[in-house]
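Notes for the one structure printed next.
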Amino acid sequence: MVRTLRDVLQVRTSIAWHRDAELPPGTDLCAIPGGFSYGDYLRAGAIARCSPIVAAIRRHAERGGLVLGVCNGFQILTEVGLLPGALTRNAHLRFECRDVFVTPQAEGPFTTGLPRVLRLPVAHAEGRYQASPETLLSLEASCSVAFQYCDEEGRVARTPDEECWTETNPNGSMLSIAGVVGGPGRNVLGLMPHPERMSEAFQGRADGRSLFEAALRSAVVTAKPGQVAGLA
């Protein structure tokens, strides 16, 4: 994540430790990276939600600051209540590690101007998005489903009995949900695939870079005069 933001996109990037009480001054985008975290054996993200930095992230999100949670970061965002739903064990109970296709659905800072289909890698054992029927209806009604798993042509399989479901939906997520947006201006995104792991040509493709570029365009538009874009 740091390499993509700092070296590929060449924006000022700072690292915030989980015991910090505040985000670095001037932060526009707070990126919570993927990777297993302490306490995941209880429930993914359950211990991380107790970290002091969470209060600062919440304040940042409430005032419209961009927040991106990838993989374990997505799990943390649901645990702290910044996004609805929960991420649970994959339907087939196996760790899933491969490239998948996703299609953007919601309009917002992270999705405006993206290609119709992105190819991104997944690496997770608890990536199955689940929510109550009422929450799912609310997500669809408010157009808050940010990304759905799909095939190479952008076709989405919505139920397990549809042909090609196991190929296009790697974990059994409800409604094939791969990402969800929230916040006052759709400024909080939780995404299970890893855009930072496919943001340079040597990684095979650079589809993930477009998501970060969309976020940076939004940060520049909404920044106060003289404010320097910073990422934590």
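Residue by residue through segment 58-71, note down the ones that are open to solvent by less than 20 Å² (accessible area, probe 1.4 Å) and out of contact with any helix residue (DSSP H, G or I) (no Cβ under 8 Å at 6 or more places or on another chain).
H60, A61, G65, C71
Scanning segment 192-210 for residues that are farther than 15 Å from L5 by Cβ and in contact with a strand residue (DSSP E or B) (Cβ under 7 Å, 6 or more places away or on another chain), which turns out surrounded by the most Cβ atoms within 10 Å (Cβ to Cβ)?
Checking each candidate, the answer is M192.
Considering each of R128, R94, R89 in turn, give the residue that is open to solvent by 40 Å² or more (accessible area, probe 1.4 Å), in contact (Cβ under 8 Å) with a residue 40 or more places away in the chain, closer than 18 Å to G172 by Cα and of a type outside the set (A, V, I, L, M).
R128
Where residues in segment 117-126 are assigned to a loop (DSSP other than H, G, I, E, B) and in contact with a strand residue (DSSP E or B) (Cβ under 6 Å, 6 or more places away or on another chain), which of them is nearest to S199 (Cα to Cα)?
The qualifying residue nearest to S199 (Cα to Cα) is V117.
I want to confirm something. Restricting to segment 143-159 and keeping residues that are in a loop (DSSP other than H, G, I, E, B) and touching a residue at least 24 places away in the same chain (Cβ under 8 Å), which single residue is most open to solvent (accessible area, probe 1.4 Å)? Before the answer, list the steps.
Here is the first cut: in segment 143-159, the ones in a loop (DSSP other than H, G, I, E, B) are 143-144, 151-159.
This time we only want the ones that are touching a residue at least 24 places away in the same chain (Cβ under 8 Å), so: 143-144, 151-154, 156.
Details: C143: 76, S144: 18, D151: 27, E152: 121, E153: 102, G154: 13, V156: 43 Å².
Residue satisfying both the conditions and the ranking: E152.
The values are calculated or read from the model by the stated rules, or taken from the named source; none is laboratory data. Everything quoted here is computed from the prediction, not taken from an experiment. Because the Cβ atoms are built from the backbone with ideal geometry, glycine has one as well, and the counts that use them run over all protein chains shown. Keep in mind that these areas ignore ligands, DNA and RNA; they rest on the heavy atoms of the full protein, side chains included. Shrake-Rupley method; radii C 1.70, N 1.55, O 1.52, S 1.80 Å.
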